[in-house]
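Chemist: Below is the structure I would like to discuss, written out as structure tokens.
The values are calculated or read from the model by the stated rules, or taken from the named source; none is laboratory data. This is a predicted model, so every value here is computed, not measured. Note: ideal-geometry Cβ built from the backbone for every residue, glycine included; neighbour counts use all protein chains shown.
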Amino acid sequence: MNGSDAAPVNGSDAVTMNRSDTVARRRLDPRTLLVHCGWMGAPLGSLALTALATGGRITTGAWLTLAAVAACFALVTAIGLIRWARTDFRVTDERFELRSGLLTRRVRSVPLHRIRTVEVTATPLHRLLGVTVLRAGTAGSGDGAGALVLDALRTAEAQRLRAELLARAGAGAAADDPVLARFSRRWLRYAPLTFWVVGGVFVVAGAVYRTLHGIGIEPWKIGLVRRAWSAFGSGMLWLTVPAALLGLVALGSAGALVLYVENWWNYRLEWTDAHTLRVSHGLLTPRSVTIERARLRGVLLREPLLLRAGGGALVRAVAGGLGDREENRRRSALLPPAPRAEAVRVAGGALQSPFPTPESGNAGAPEPGASGASEALARHPRAALRRRRTRGLLFAVLPGTAALAALGAAFTPVLLHCAWIYALLSTAAVRWLARDAYRSLGHALRGRHLVIRAGTFSRDTLVLQRAAIVGWTFTTSPFTRRAGLVTLTAAVAAGEDGYRLPDLAARHAPALASEAAPGILEEFLVQPTGDAGRDAAEAGLRSR
Amino acid sequence: MPAYPAPLLRPPRHRVDPRARRWWTVQALLTVSGPMLLTALVPAVLGALFFPGALPWLGPLLLVVLVLPALGYLVAMPRWRYAVHAWELGERAVYAAGGWFWQKRRIAPLSRVQTVDTVRGPLQRRYGLATVTVTTASTAGDITIAGLSDADAEELSRRIGEAAQDVPGDAA
């Protein structure tokens, strides 16, 4: 039974409190009583069905059932009423207190700073009545054993209380909570925002076609397909094409949803003890990966373009010992596509320090724990922007336009028009993407970590332990040398082994490298000649 | 932009052996330029024999697309490489520069060195050269110094081995 006094008695944090405080005690919502009558739905429903089926004639047995139900209702309501009257709670400056109990009075009290999770959940019945269950868990309480449960509050009040508790729970909340994250059905809306929406359909279609082809069936020769094609296909292109696209997206979304559910149902990320992080997930094939804290060298927050547009992100671990490249890719996932704020929280929890959330437009609500770490990252030189633009023009705009123009000149003027339209549209797209890529570029040193952000199709924010860096590579090409840029690669014995810091100012890169991971390249540094250079170099010596 | 002071990374002290230029030239001839020239030769000969009319446009096309790039690569790459490739064994780290168009400078601390391999391919042996590869726990930290003379390679791998033992660290 899920009564309002369900808060367990002997939780480790239960402390009897009888201090008279000025903070007012609050009651649960009266609608709680109705929630507890929910069990009557089944007998009453069957009774009603019986009455319907027999045309309104109610038998003696039915009357008896009804009487029993009524008696139970009276009893439950009476108990519920007393319970409701005798249950109250309050949030003082330091503690969260819940007083309950029918005959024996219990006061459970939890220091606010020990509260790690505050969950609000609602069954359909709760939702119908506009109320919510609030569950405040402490470290070590896991699934309910030590949790304070308020069943139920008005939804708005529950949300307010949750915010209140979390705000007071303090910055440490994310740092040493054993359970960092659990699966939430609301994340499913991010499933379609992956490559598989369209790509997956083509892959599956290709596989089906190949299979059919392999057993000797030509799909185009099946009567149904041919008739459908002749009826709709060629005649109404303006209808067929959008319909096909819509079908493609719907099919892809469904597929992505199924994959997401299969992969991530029962997802749970937790510190099993102080040194081990465990990720478990999977519906049909549950899998679980354990990462030693000593081998966890950093965290990667990944925001692919589509997912980013939807306000989502996913989190990967940068850890050693997960296997080869492919295995590492599969096993390093810490969080599936989920809301960005959640991703930031989880990343911070895995790092055990606030995840630096650099400015990123308005996406992502600021985390209470992450304040102070959200200064902007250091920008890269403008030459990086020019490089991105040039690359886009060279590799996306030029080939397509040239091909279309050549074909147009050879065959039909329609293609010539296509060529200039393509040139215009793709130039606009390239400029936008280049700008976005440039705005994404950034780096910073934050305490023990090096923060690198780069990418536009997949914007990756990497937070890497500086102590984990075991080597540096400076890569240049004639173009970057002319622009005064250099790409720095940090070698790490974890994750993808090398992490790139693209297009840094060549003048600053060596100093950054030596500051981020001291003791590797100092002996190969020289002071630049010239007065300005010497000043800078002296400053550099001092800083070391 | 934070005021990162600006010391610069100087190139490594020691150049590779001058014979490496010849090695790279032969390598280019065998792997890139040779096949490209052969590919150009076949249509040129066929064209000259059977379709003399095609030569006025086929000839320049082959020249621009295949012959000139092949010759350019053959001449430029080894010189360019020789200008770039260099190495140095510091007190605490190994430092190597390599590449030609895309150039790489890589530094790995001696405390992280796991193995030191010396490799002599059949071509390299002809010119008395060797390649020293220093591996670390991270594949992005492995250092390859190609085109050392046999003696240098021997000496270098011995010294790296010794130095790596002297510098404390778990190589992890």
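Chemist: In this structure, is A:Thr427 within 29 Å of A:Leu307 (Cα to Cα), touching a residue at least 24 places away in the same chain (Cβ under 8 Å) and assigned to a helix (DSSP H, G or I)?
Modeler: Numbers: within 29 Å of A:Leu307 (Cα to Cα): yes; touching a residue at least 24 places away in the same chain (Cβ under 8 Å): yes; assigned to a helix (DSSP H, G or I): yes.
Yes: the conditions hold for A:Thr427.
Chemist: Does A:Leu334 satisfy the condition of being of a type outside the set (Asp, Glu), assigned to a helix (DSSP H, G or I), at pLDDT 90 or above and closer than 20 Å to A:Phe183 by Cα?
Modeler: Working: of a type outside the set (Asp, Glu): yes; assigned to a helix (DSSP H, G or I): no; at pLDDT 90 or above: yes; closer than 20 Å to A:Phe183 by Cα: yes.
So A:Leu334 fails the test.
Chemist: Every residue in segment A:359-370 that is crowded, with 20+ Cβ neighbours inside 10 Å and either of a type in the set (A, V, I, L, M) or at pLDDT 50 or above (or both), please.
Modeler: The one that is crowded, with 20+ Cβ neighbours inside 10 Å and either of a type in the set (A, V, I, L, M) or at pLDDT 50 or above (or both): A:Ala370.
Chemist: On the given criteria, is B:Trp24 more than 14 Å from chain A (Cβ to nearest Cβ), in a helix (DSSP H, G or I) and in contact with a strand residue (DSSP E or B) (Cβ under 9 Å, 6 or more places away or on another chain)?
Modeler: Details: more than 14 Å from chain A (Cβ to nearest Cβ): yes; in a helix (DSSP H, G or I): yes; in contact with a strand residue (DSSP E or B) (Cβ under 9 Å, 6 or more places away or on another chain): yes.
For B:Trp24, the condition - more than 14 Å from chain A (Cβ to nearest Cβ), in a helix (DSSP H, G or I) and in contact with a strand residue (DSSP E or B) (Cβ under 9 Å, 6 or more places away or on another chain) - is met.
Chemist: Output the qualifying pairs, or none if there are none: Cβ atoms under 9 angstrom, residues six or more apart or on different chains, first residue in segment A:27-53 and without any contact (Cβ under 8 Å) to a residue 40 or more places away in the chain, second residue part of a helix (DSSP H, G or I) and of a type in the set (Ser, Thr, Tyr).
Modeler: A:Pro43/A:Thr65; A:Ser46/A:Thr65; A:Leu47/A:Thr65; A:Thr50/A:Thr65
Chemist: Which members of segment A:378-392 meet the condition of being more than 10 Å from every other protein chain (Cβ to nearest Cβ) and not small (Gly, Ala, Ser)? Even if it seems obvious, please write down each step before you answer.
Modeler: Of the residues in segment A:378-392, the ones more than 10 Å from every other protein chain (Cβ to nearest Cβ) are A:382-392.
Across segment A:378-392, the qualifying residues are A:Arg382, A:Leu385, A:Arg386, A:Arg387, A:Arg388, A:Arg389, A:Thr390, A:Arg391.
Chemist: Hey, can you tell me all the residues within segment A:481-526 that are of a type in the set (Lys, Arg) and either over 21 Å from B:Trp102 (Cα atoms) or more than 7 Å from chain B (Cβ to nearest Cβ) (or both)?
Modeler: Let us first name the residues in segment A:481-526 that are of a type in the set (Lys, Arg), namely A:481-482, A:500, A:507.
Residues satisfying the conditions are A:Arg481, A:Arg482, A:Arg500.
Chemist: Enumerate the helices (runs of 4 or more DSSP H) found wholly within segment B:57-172, keeping only those where 2 or more residues are buried (at least 16 other Cβ atoms within 10 Å of the Cβ).
Modeler: Details: elements: B:68-84, B:122-126, B:150-166.
Passing ranges, in order: B:68-84, B:150-166.
Chemist: Could you tell me whether segment A:399-408 includes any residue that is part of a helix (DSSP H, G or I), under 36 Å from the mean Cα position of the chain (by Cα) and under 28 Å from A:Leu305 (Cα atoms)? Write out each step before concluding.
Modeler: Of all residues in segment A:399-408, those part of a helix (DSSP H, G or I) come to A:399-408.
From what's left, under 36 Å from the mean Cα position of the chain (by Cα): none.
So far as segment A:399-408 goes, no, none of its residues is part of a helix (DSSP H, G or I), under 36 Å from the mean Cα position of the chain (by Cα) and under 28 Å from A:Leu305 (Cα atoms).
Chemist: If I filter segment A:234-272 down to residues being within 15 Å of A:Val204 (Cα to Cα) and among the β-branched types (Val, Ile, Thr), which single residue comes out as modelled with the lowest pLDDT?
Modeler: My answer is A:Val249.
Chemist: If I go through segment A:422-469 residue by residue, how many of them are touching a Lys or Arg at 6+ places or on another chain (Cβ under 8 Å) and small (Gly, Ala, Ser)?
Modeler: Residues that pass the stated criteria total 8.
Chemist: So, one more: Contact list please: Cβ distance under 8 Å, first residue in segment A:315-337 and closer than 17 Å to A:Pro304 by Cα, second residue assigned to a loop (DSSP other than H, G, I, E, B) and among the β-branched types (Val, Ile, Thr), pairs at least six apart or on different chains.
Modeler: Listed pairs, sorted by first residue: A:Pro337/A:Thr194.
Chemist: Can you find even one residue in segment B:92-99 that is more than 21 Å from B:Trp23 (Cβ to Cβ) and at pLDDT below 90?
Modeler: We begin by selecting, within segment B:92-99, every residue more than 21 Å from B:Trp23 (Cβ to Cβ); these are B:92-95.
Still in the running and at pLDDT below 90: B:92.
So far as segment B:92-99 goes, yes, one or more of its residues are more than 21 Å from B:Trp23 (Cβ to Cβ) and at pLDDT below 90.
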